[in-house]
Amino acid sequence: MAKKDWGFDVRDMDKRVRPQDDFYHYANGGWLKRNSIPPYESCWGSFLILRYDTEKKLRAIVTKLQRLKVAKTGAPEQMVRDFYRSGLDMKRRNVLGMKPLQPWLKRIENIKDIPSLVSTIAHLEKIGGGGPWGAMVDQDIKDSEKYIIYLHQSGLGMPDRDYYLKDDTESLRVRSAYEKHLEAMFALMGETKAVSRKSRETVMRIETALAEISMTKETLRDVDKTYHKKSLRQLQALAKSIDWKTYFTILGAKPRSVVVMQPAFLTAVSALLVKEPIEDWKTYLTWHLVGGGASYLSAQFEKQNFAFYGTALSGVKEMKPAWRRTLNAVNGSLGELLGKLYVQAYFSPEAKKKIKTVVAGLFEAYEARIKNLDWMSSTTKKKAVQKLHQMTRELGYPDKWRSYKGLVVKPDDYFGNAVRATLREHARVVRRLKKPVDRTEWFTTPQTVNAYCSYGLNTIVFPAAILQPPVFSIGADDALNYGAIGAVIGHEITHGFDDQGSKFDGKGNRKTWWTKQDRMRFEKKAKALINEFNGYTVAGGLKVNGQLTLGENIADLGGASIAYDAYKLHLMKTGKKNVGGFTPEQRFFFGLALFEREKNRPEIEKTLVLTDPHSPGKYRINGPASNLPEFYEAFGVQKGDRLYRAPKERAKIW
């Protein structure tokens, strides 16, 4: 086997491409040519394959549970088994049609004035939203030991406000597809062609009005522009037509103050509630209720929902098989129940022990980097190191598992199961308001192939599912592990010090702990990265948004740098050895490129570049590589090569 020596299959390379010109395709070109995107996926690559492999492991667990003839009601096995069973019972779902929605459809139909409209919006919020604004409970970023309610803009059916407001080719394509989708969904609800067209016009008018008053995605990234603490009295003055006391009572909360993330939006929404006819608001809420619940209804609703969100937006040719769609729902509603079973079956103590060692090396390397920065003052460096020492590391799974006690799960009530789980989660989240912040809480599940950094908790989290080949393997070459999972770990640590994370101190409070001069130097360096990524293009000539992707690009560059440093520290203990004709340093960069290996359909590529804060995979490798002197040394990059940048033009932040 070609990869037996070090874990990387050299057949995946394209040696006709020079690494100095395009390292991404040099390392991955062979794989990209040999592999096609499955018809049920919008993209395919290391990350997606790992997710699919994880789903197959989860399927094995739930399939085994299906064979349980007797399971105590309320036991984890019973809840997972029956939720999964209810989703696969398409015959029952088809018979029910829209019937599961009747209690909420009736509530919408009974709206007669603005007070009843607001109370209905509150009730819909409890089952997952659907109104023009949303509410959530999270840490107060300026008082990180307390929870507070955040009110935020919402209410759009397309992924971003620009799809409603711009007339470029891609916006027009998506908008046209969305309008057809709206009409098709209203027709499935039983409306005539003429009424469906009128309903579509109503929804588009209201959603376009919401888009016009919505904050841009670039501004949404700025934590300082989305924090406006208000007393209830101030909130009432800000949005006069909304009875906030009643709204919060329905949510089960009695807040003294809230954070309004977009005050101008909320004021405009308050006026919009009065301006738009009550009947039109009923049409709008009906659409969001049905659209939001479509994947839990009959096959017709599920297929139509897929036609827009799957095919039009993402280019996917076929729906995923029923077991994958249902498994996704079980993960969403019973995540930690299924996660506990997954960890028991697939995450070894040896894997956790080794990843702890890798993480420790990353922190050691990061501290050295901070201390050696040439642009940061000693005062700020000291505080940065202190924050790094305060950062906690969550690996594999939470120490304390979430309880689902009392949740009723039935084998013949798919939509009802989802609603009961959502209502239970809503109640759990609202109860936070009476408690101090739980710094051990996880915001993802162990079976999730991803990782994250929490600014407020100053925590980095790496679920068990991402700690698998090819991202991480006990038996793989250390160079690959450091290049892949090491860079991911470094990426998440760096988020604590990116353009937004750096605004939070070691306790998770929004606090200015940099000197003014340091911040100015940082922003100058960040500007170089913004300009660099603004120059990259994807399908249809669309450009990467350097401002939107800034935080992720800083984290990618920092993650690769720190992982490389940590690997060099590791080599000092183990010694250097060439394998397969490649140096340890070169093999590190193969690991980096391996993790971002991906093929995308044009539709999803365009959707992502317009909405996603991450850059496309190719640029997440070639971008950092073109800035890292370590890459230049490893592959002999010289002036005239396509990845070459003059030393003074190279971005270096952390």
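Among the numbered criteria (1) under 19 Å from A122 (Cα atoms); (2) surrounded by 14 or more Cβ atoms within 10 Å (Cβ to Cβ), which single criterion is violated by V203?
(1)
Filter segment 416-455 down to residues that are small (G, A, S) and more than 17 Å from the chain's Cα centre (by Cα) and give me whichever is farthest from E394 (Cα to Cα).
The residue in question is G416.
Regarding segment 539-549, can at least one residue be identified that is exposed (fewer than 15 other Cβ atoms within 10 Å of the Cβ) and polar (S, T, N, Q)?
no
Listed residues L407, L373, L433, L457; which is more than 23 Å from R59 (Cα to Cα), modelled with pLDDT of 95 or more and in contact with a helix residue (DSSP H, G or I) (Cβ under 9 Å, 6 or more places away or on another chain)?
L373
State whether one or more residues within segment 573-583 are crowded, with 20+ Cβ neighbours inside 10 Å and out of contact with any Cys (no Cβ under 7 Å at 6 or more places or on another chain).
no
Could you tell me which of the residues A427, A418 is more than 28 Å from K352 (Cβ to Cβ), crowded, with 20+ Cβ neighbours inside 10 Å and assigned by TED's automatic domain parsing to the domain that holds H491?
Matching residue, one of A427, A418: A418.
Just to verify a result, which residue in segment 208-249, among those that are over 25 Å from the mean Cα position of the chain (by Cα) and among the charged types (D, E, K, R), is surrounded by the fewest Cβ atoms within 10 Å (Cβ to Cβ)?
This residue is R233.
Give segment 90-106 a look and list any residue that's hydrophobic (A, V, I, L, M, F, W, C), in a helix (DSSP H, G or I) and under 32 Å from the mean Cα position of the chain (by Cα), or say none.
The answer is M90, L101, W104, L105.
Is it the case that E145 is touching a residue at least 40 places away in the same chain (Cβ under 8 Å) and more than 24 Å from V260 (Cα to Cα)?
For E145, the condition - touching a residue at least 40 places away in the same chain (Cβ under 8 Å) and more than 24 Å from V260 (Cα to Cα) - is not met.
Scan segment 107-145 for residues that are more than 16 Å from G292 (Cα to Cα) and either assigned to a strand (DSSP E or B) or of a type in the set (G, A, S) (or both) and jot them down.
S116, S119, A135, M136, V137, D138, Q139, D140, D143, S144, E145
Tell me, which helices (runs of 4 or more DSSP H) wholly within segment 256-356 include 3 or more residues that are more than 30 Å from N600 (Cα to Cα) and outside the structural domain of K229 (by TED's automatic domain parsing)?
Those helices (runs of 4 or more DSSP H) span 335-346.
The values are calculated or read from the model by the stated rules, or taken from the named source; none is laboratory data. Keep in mind it's a predicted model, so treat the numbers as computed, not measured. Backbone-built Cβ (ideal geometry, glycine too); neighbour counts: all protein chains shown.
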